[in-house]
Amino acid sequence: MSELKEVLTKDGSISLRSSLFQENFHSLEGALKETEIKFINPSDLKRFKDKSLNVLDICFGLGYNSASLFNNLIRQNSFVNWYALEIDKKPLEYSLGNKAFQKLWHPKVLKIFKALSQNSQYRDKSFDCDILWGDAREKINNIPANIKFDLIYLDGFSPQKCPQVWSVEFLEKVTQKLNPQGYLITYSCSAAIRRTLKDFGLNIFNIEPDLVTQRLWSNGTIAVKKIDEKVIQSNLYFKKLSSMEEEHLLTKASIPYRDPALSSNTKDIIQKRVKEQLLCNLKTSKKWRDKWGMTK
Ligand SMILES: C[S@@+](CC[C@H](N)C(=O)[O-])C[C@H]1O[C@@H](n2cnc3c(N)ncnc32)[C@H](O)[C@@H]1O
């Protein structure tokens, strides 16, 4: 745990800070709140009441996103086929040993997490769960090719700190695993990530800030291959991109992260992108920010 330090967030839920990645696992506003606002609400889980669904959680960490997902699915009698990718076992060991974390969830969630920690899998009549430990760039290949996901949560450290899980090449693999009407959900509103997903032909939506987070312009991104207008209109949590957001995708900030052999380190991926940004003729994101009067 030496490179991981406990952080108490404003909603009272605990999180971690990684000194290796120099970043917190969650926003200081609240780990639990972030999970609900950025991942669970836009998932519109009631669609799966009494039904089955496939879910992939990339960068499982302490497990907030999946714990909250399971908590909801247990209560509505859904059947889930679930995979997770995570490089480090310590965050799960940490959350399992933390009283405040345990208190948040249905006892069955903790039973599943314990099994994942001990055996990397859990099975009963409603839950079929596997966590694949190791670099997501490799382990994603171990998910059976026939499984397409209704929900994919992508919750890596920020692209600048952990570009390995945001590269064109990795996102292409992720996209291949998405059901035609499945949702790929991430907290990131980075122009590079949105443009990469758009270039794969996905439809991009903004997760709109709610009352608490309205000083921000985005709570993340949802990407969908095939849109069912009725479903999209009934989901209150995501909206088509505004002109401001569309213009963001035309700036230097939209230059993607590249990792051709899926084995580059952070420094190489970032340096390659900076070079590409210098050479391209796109508008700077500063100009975009100034035009739209943005402070951050
Ligand atoms: C922002 S945290 C995830 C937060 C998490 N969803 C939660 O609820 O606690 C990012 C996670 O990505 C993991 N990670 C970093 N690089 C990875 C890689 N190449 N493959 C898989 N996991 C990785 C880290 O170990 C960390 O647990």
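Between 260, 163, 180, where does the largest GNM mean-square fluctuation fall for the chain, given springs only between Cα atoms within less than 10 Å?
Between 260, 163, 180, it is 260 that shows the largest mean-square fluctuation.
Find out how many positive minus negative residues lie around residue 116, taking Lys and Arg as positive, Asp and Glu as negative, among other residues whose Cβ is under 15 Å from that of residue 116.
Summing Lys/Arg as +1 and Asp/Glu as -1 gives 0.
Tell me the net charge near residue 145. Cut-off is 12 Å between Cβ atoms, residue 145 excluded, with +1 for each Lys or Arg and -1 for each Asp or Glu.
+3
When the chain is modelled as a GNM with alpha-carbon springs shorter than 10 Å, which of 19, 243, 188 fluctuates the most?
243
Please compute the length gained on full extension between residue 121 and residue 160, using 0.36 nm multiplied by the number of residues separating them and subtracting their Cα-Cα distance.
That works out to 10.9 nm of additional length.
For the range 74-95 and the range 249-276, what is the separation of their C-alpha centers, rounded to whole Å?
The range 74-95 and the range 249-276 have Cα centres spaced 30 Å from each other.
Residues of the range 143-171 with amide nitrogen under 18 Å from the 7 Å Cα-to-Cβ point of residue 226?
So the set is 146-152.
What nm distance separates the two modelled labels at residue 284 and residue 29, each placed 7 Å from Cα along Cα→Cβ?
Taking the two extended label points, one gets 2.9 nm.
If you count only protein heavy atoms and use a 1.4 Å probe, how large is the accessible surface of residue 232, to the nearest 10 Å²?
Per-residue accessible area (residue 232): approximately 20 Å².
Summing -39500 (n - 2.57) over the DSSP H runs of n ≥ 4 in the chain and dividing by its residue number, what mean residue ellipticity at 222 nm do you reach, to the nearest 500 deg cm²/dmol?
When only DSSP H runs of four or more count, the value is -8500 deg cm²/dmol.
Using a cut-off of 12 Å between beta-carbons, work out the net charge of the residues near residue 250 (Lys and Arg +1, Asp and Glu -1, residue 250 not included).
+4
How many percent of the accessible area of the chain is carbon or sulfur, using a 1.4 Å probe?
52
Straight-line reach from residue 139: which lysines have Cα under 17 Å away, leaving out those fewer than 8 places along the same chain?
89, 148, 173, 177
What does the highest-first list of 141-148, 58-65, 235-242 look like by mean Cβ count within 10 Å?
Taking the mean over residues of other Cβ atoms within 10 Å, the ranking is 58-65, 235-242, 141-148.
As an exercise, take the mean of 1/r over every pair of distinct alpha carbons in the range 4-291, invert it, and state the Kirkwood radius in angstroms.
This gives a value of 19.4 Å.
To the nearest 0.05, how large is the calculated FRET efficiency for residue 291 and residue 200 if R₀ is 30 Å and r is the Cβ-Cβ distance?
0.60
Just to be sure I understand: of the beta bridges DSSP finds with both ends in the range 4-291, what percent are antiparallel, rounded to 5?
45
The values are calculated or read from the model by the stated rules, or taken from the named source; none is laboratory data. As the structure is a prediction and not an experimental result, all values here were calculated from the model. Methodologically, a virtual Cβ is constructed for each residue, glycine included, from the backbone with ideal geometry; neighbour enumeration extends over all protein chains shown. In case anyone asks, the SASA skips ligands and DNA or RNA and just uses the protein heavy atoms, side chains included. Shrake-Rupley method; radii C 1.70, N 1.55, O 1.52, S 1.80 Å.
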